[in-house]
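Visitor: One structure is given below, represented as structure tokens, and several questions about it will come after.
The values are calculated or read from the model by the stated rules, or taken from the named source; none is laboratory data. Not measured: the values here are computed from a predicted model. We place every Cβ from the backbone using ideal geometry, glycine too, and count neighbours over all the protein chains shown. The area values use the complete protein model at the heavy-atom level, side chains included, leaving out ligands, DNA and RNA. Shrake-Rupley method; radii C 1.70, N 1.55, O 1.52, S 1.80 Å.
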Amino acid sequence: MKNNTISALMNFIDNSPSPYHAVKSAVELLKKKNFTELHEEKIWKNLETGSYYVIRQGGSLIAFNYKKGNNSYRMIGAHTDSPCLKVRPNGSYLKAGQHQMVGVEVYGGVILSSWFDRDLSFAGRVFSRNKKGKLQSNLIDIKEKVAVVPSLAIHLNRECNQNRTINPQLEMSPLLSLNPKEKLEDLLMDYLPKETSEVISFDLSFYDTQKGSLVGSRGEFLMS
């Protein structure tokens, strides 16, 4: 049975598919607790007793409670990233003439076999240029099921259940489309502001679109 804490945790994870989204989700929670944002490039003089946070490069967050005159501190650390398949720069390529694939780099301690045959989307940060030539940064989450890392049919690989070795360079690229002209960069344009003229670079990760859930006869296991 779901309680409010578990529901909040599941919502946080579902809404945080990249480090940048994790920071955004955390900041929303901090603001509800009256935390005030500080900026690293400014000098912090005469801080009053209170709660503050700092965002570093969009993907890192430092939050703290400050009491004037108190020189002691306690620290708790956590990570905003997760093991995943990160999209390579200029990663789109064709396979067998018409299969539009996305080249990826395995990031962190990924259990490779768990990524096969999943409904995948991707999220992260995109740097682009608008029609006036101005650079802009956009946080995006496609949300839709747009890719899959397909398994080879068992009758073409009879040994797949025995001592399987997965080559991440050859086997982990998600299949995006059967349209040879539909590259990932083209898909991105549909999720960027209308005044965007071109994509410059990005930091994107694929993620499993299946939402968090409680499993077990009494819902005692959180799967996410």
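Visitor: Sorted by accessible area (1.4 Å probe), largest first, how do GLU182, GLU159, GLU41 line up? Intermediate results must be reported in sequence, preceding the final value.
Guide: Values: GLU182 75, GLU159 105, GLU41 145 Å².
Ranked from most to least accessible, the order is GLU41, GLU159, GLU182.
Visitor: Turning to a different aspect of this structure: Output wanted: per-residue J couplings in Hz (rounded whole) for region 182-195, from phi through Karplus 6.51 cos²θ - 1.76 cosθ + 1.60, θ = phi - 60°, x for Gly and Pro.
Guide: Values, residue by residue: 8, 7, 4, 4, 5, 5, 4, 4, 6, 10, 9, x, 4, 7 Hz.
Visitor: Here is a follow-up. Against the globular-protein guess of 2.2 N^0.38 Å, express the Cα radius of gyration of region 91-161 as a ratio, rounded to two decimals.
Guide: Working: Rg = 16.8 Å, N = 71, 2.2 N^0.38 = 11.1 Å.
For region 91-161, the normalised Cα radius of gyration comes out at 1.51.
Visitor: Name the residues whose placed amide hydrogens come within less than 5 Å of the amide hydrogen of ILE166, ignoring near sequence neighbours (fewer than 5 apart) on the same chain.
Guide: none
Visitor: P(r) for region 115-224, please, calculated from all Cα pair distances in 10 Å bins and given in %.
Guide: 12, 31, 29, 19, 8, 1
Visitor: Which listed residue (SER72, ASN46, ASN90) has the Cα farthest towards the positive end of the charge dipole for region 33-97, taking +1 on Lys and Arg C-beta and -1 on Asp and Glu C-beta about the Cα centre?
Guide: Going by the Cα projections, it comes out as ASN90.
Visitor: Quick check: from the Cα gyration tensor, does the chain come out rounded (a/c under 1.5), prolate or oblate? Spell out each step's value before the answer.
Guide: Details: a/c = 2.45, a/b = 1.45, b/c = 1.69.
Here the chain falls in the oblate category.
Visitor: Given Cβ point charges of +1 (Lys, Arg) and -1 (Asp, Glu) and nothing else, what value in debye, to the nearest 20, does the dipole of the chain about its Cα centre take? Don't skip to the end; give the middle numbers.
Guide: On the way: 29 positive and 23 negative charges, 141 e Å.
Here the size comes out at about 680 debye.
Visitor: Further question: Rounded to whole Hz and in sequence order, give me ³J(HN,Hα) for region 92-98 from the Karplus expression 6.51 cos²θ - 1.76 cosθ + 1.60, θ = phi - 60°, writing x for Gly and Pro.
Guide: 5, 8, 9, 10, 6, x, 9
Visitor: How much mean residue ellipticity at 222 nm does the chain get from its helices, if each DSSP H run of length 4 or more adds -39500 (n - 2.57) and you divide by all residues, to the nearest 500 deg cm²/dmol? Don't skip to the end; give the middle numbers.
Guide: On the way: 4 runs with 35 residues, N = 224.
Computed ellipticity for the chain at 222 nm equals -4500 deg cm²/dmol.
Visitor: Sort GLU220, GLU185, GLU48 from largest to smallest accessible area, using a 1.4 Å probe on the heavy atoms of the protein chains.
Guide: On the way: GLU220 85, GLU185 40, GLU48 105 Å².
Heavy-atom accessible area, descending, gives GLU48, GLU220, GLU185.
Visitor: Moving to a separate point now. Once you sort the root eigenvalues of the Cα gyration tensor of region 8-72 as a ≥ b ≥ c, which label holds: rounded (a/c under 1.5), prolate (a/b larger than b/c) or oblate (the other case)?
Guide: Working: a/c = 2.94, a/b = 1.80, b/c = 1.63.
Prolate shape, in that a/c is at least 1.5 and a/b is the bigger ratio.
Visitor: Moving on to the next point. Please work out how much accessible surface ARG164 shows to a 1.4 Å probe, ignoring ligands, DNA and RNA, in Å² rounded to 10.
Guide: In the full protein context, ARG164 sits at about 100 Å².
Visitor: To the nearest 20 debye, what is the magnitude of the charge dipole of region 6-73 about its Cα centre, counting +1 on the Cβ of each Lys and Arg and -1 on the Cβ of each Asp and Glu?
Guide: 240
Visitor: Dividing the Cα convex hull volume of region 32-101 by residue count, how many Å³ per residue is that? Provide the component values of the computation, followed by the final result.
Guide: Details: hull volume 10.3 nm³, N = 70.
Cα convex hull per residue, to the nearest whole number: 147 Å³.
Visitor: Leaving out ligands and nucleic acids, and using a 1.4 Å probe, what accessible area per residue does the chain come to in Å²? It would help to have the intermediate numbers written out before the result.
Guide: Numbers: 15250 Å² over 224 residues.
Ligands and nucleic acids excluded, the figure is 68 Å² per residue.
Visitor: State whether region 61-107 is rounded, prolate or oblate according to the following rule on the C-alpha gyration tensor (a ≥ b ≥ c being the square roots of its eigenvalues): a/c under 1.5 gives rounded; otherwise a/b larger than b/c gives prolate, and the remaining case gives oblate. Before the final figure, lay out each step's value.
Guide: Values: a/c = 7.98, a/b = 5.06, b/c = 1.58.
Verdict is prolate for region 61-107.
Visitor: Residue by residue, what Karplus-based ³J(HN,Hα) values in Hz, rounded to whole numbers, does region 135-146 have, using 6.51, -1.76 and 1.60 with θ = phi - 60° and x for Gly and Pro?
Guide: Using θ = phi - 60°, the values come out as 6, 9, 10, 10, 8, 10, 9, 4, 6, 6, 7, 10 Hz.
Visitor: First select every other residue whose beta carbon is under 13 angstrom from the beta carbon of MET101; then total the charges, Lys and Arg +1, Asp and Glu -1. Walk me through the intermediate numbers first.
Guide: On the way: positive: ARG88, LYS95, LYS183; negative: GLU171, GLU182.
Neighbourhood net charge equals +1.
Visitor: Which angle from 0 to 90°, rounded to the nearest 10, does the C-alpha axis of helix 4-14 make with the longest principal axis of the chain?
Guide: Here the helix axis deviates by roughly 60 degrees.
Visitor: Counting only other residues whose beta carbon sits under 13 Å from that of GLU171, what net charge do I get with K and R as +1, D and E as -1? If you can, show how the numbers build up before the last one.
Guide: Working: positive: LYS95, ARG164; negative: ASP117.
Net of charged neighbours comes to +1.
Visitor: What lysines sit close enough to LYS131 to cross-link, taking a C-alpha to C-alpha distance under 17 Å and skipping anything fewer than 8 places away on the same chain?
Guide: Counting by Cα, and skipping residues close in sequence, LYS131 has these lysines nearby: LYS194.
Visitor: Quantify, in whole percent, the carbon and sulfur part of the accessible surface of region 78-176 (1.4 Å probe; protein heavy atoms only).
Guide: 51
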